[in-house]
Amino acid sequence: KEINTFFSSVAGYLVIAIFLTLNGLFLWVFKGQYNILDSGFADLSPFFEIAPWVLLFLIPAVTMRSFSEEKKYGTLELLLTKPILPYRLIIGKYLGCLLLITIALLPSLLYVLTIYQLNNPIGSIDIGSTIGSYIALLLLAASYTAIGIFSSSITTNQIIAFLISISICFTIYFGFNLLDKIEWIGMQVHYERISQGVLDTRDIIYFISVLALFLTLATFSLTKGALKTKLKPISISLLGVIVVNLAANSFYKRFDLTQD
């Protein structure tokens, strides 16, 4: 139902068009460090550098109406009276938004074909590195979407949900990178490591734990009860995320997808 709702709306198609237009302009039209034709290297690294910035605004715009609109018009209470558990409702909204974002990313595969032809000799692109970059981008989009769903679940105003989502995404992705000793808490270092074509279980577990944490928080926000009764399970969830990531740093595997 949620997926059909997103695709039947004009906003869904606008999201795809905006994403492709912005990336196309920066990569092929506008002069600068992100222009592939001026960079001298036939690879997609400029695309994967600007994509987090574009998704930072794009995904909150998609998720902002997920629950805030339901709360505003009172339809959320109607949904919760049905035999649907809150976590299933959260997952339904989440998958609907994530599928829309994934489809918005699919046309960017045309860039890969273009770069493939621009290489000298033709076809000398490092496919393994490109696959790693797309995996990193999908994990980042999945985490952004979970944050957007959570932001929408705690307010009745779409604009406020949009601003909260942008603030959290920006802080987690860029904010911690300014501090050397705790930069691993932020998304950027994990995103950049996978983008190099090396799959590290520490990075994958980090993104999975982030999206799981915010989906859990969104579930708690929809569950009836006083805030004091929710603090204990929220604290346990946060502690679980920390323990899982600490354990992942001790026992990990690395898989190099690059040709080198």
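The values are calculated or read from the model by the stated rules, or taken from the named source; none is laboratory data. On a predicted model such as this, the values are computed, not experimentally measured, just so you know. Methodologically, a virtual Cβ is constructed for each residue, glycine included, from the backbone with ideal geometry; neighbour enumeration extends over all protein chains shown. Surface areas here come from the heavy atoms of the whole protein model, side chains and all, with no ligands, DNA or RNA. Shrake-Rupley method; radii C 1.70, N 1.55, O 1.52, S 1.80 Å.
Within the stretch 46-80, work out how many residues are of a type in the set (F, W, Y) and open to solvent by less than 10 Å² (accessible area, probe 1.4 Å).
The number of residues fulfilling the criteria is 2.
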Check: Would it be correct to say that P86 is open to solvent by 30 Å² or more (accessible area, probe 1.4 Å), in contact (Cβ under 8 Å) with a residue 40 or more places away in the chain and within 26 Å of S209 (Cβ to Cβ)?
Finding: yes
Next item on the list: Could you check how many residues of the stretch 134-158 are at pLDDT below 90 and either open to solvent by 70 Å² or more (accessible area, probe 1.4 Å) or assigned to a loop (DSSP other than H, G, I, E, B) (or both)?
Entry: 4
Next item on the list: Scan (1) out of contact with any helix residue (DSSP H, G or I) (no Cβ under 7 Å at 6 or more places or on another chain); (2) among the aromatic types (F, W, Y); (3) open to solvent by less than 10 Å² (accessible area, probe 1.4 Å) for the single condition W184 breaks and write down its number.
Entry: (3)
Next item on the list: Could you give me the residue pairs with C-beta distances under 7 Å whose first residue belongs to the stretch 164-181 and is under 11 Å from P60 (Cα atoms), whose second residue is assigned to a helix (DSSP H, G or I) and open to solvent by 40 Å² or more (accessible area, probe 1.4 Å) wherever it lies, and which are 6+ apart or on separate chains?
Entry: I166/F57
Notebook entry, point to check: Can S235 be described as surrounded by fewer than 14 Cβ atoms within 10 Å (Cβ to Cβ) and hydroxyl-bearing (S, T, Y)?
Noted result: yes
Notebook entry, point to check: For D203, are the conditions met, namely being modelled with pLDDT of 90 or more and acidic (D, E)?
Noted result: yes
Next item on the list: Tell me the helices (runs of 4 or more DSSP H) entirely within the stretch 56-122 that contain at least 1 residues that are within 21 Å of I18 (Cβ to Cβ).
Entry: 68-72, 86-105, 109-118
Margin query: Can you say whether I101 is closer than 18 Å to S195 by Cβ, among the β-branched types (V, I, T) and touching a residue at least 24 places away in the same chain (Cβ under 8 Å), as far as the supplied structure shows?
Written below: yes
Note to self: For the stretch 116-133, check the following and say yes or no: at least one residue is open to solvent by less than 50 Å² (accessible area, probe 1.4 Å) and free of Cβ contacts under 8 Å to residues at least 60 places away in the same chain.
What the structure shows: yes
Check: Say we look at the stretch 104-115 and pick out the residues that are within 15 Å of the chain's Cα centre (by Cα) and crowded, with 16+ Cβ neighbours inside 10 Å; which of these is modelled with the lowest pLDDT?
Finding: A104
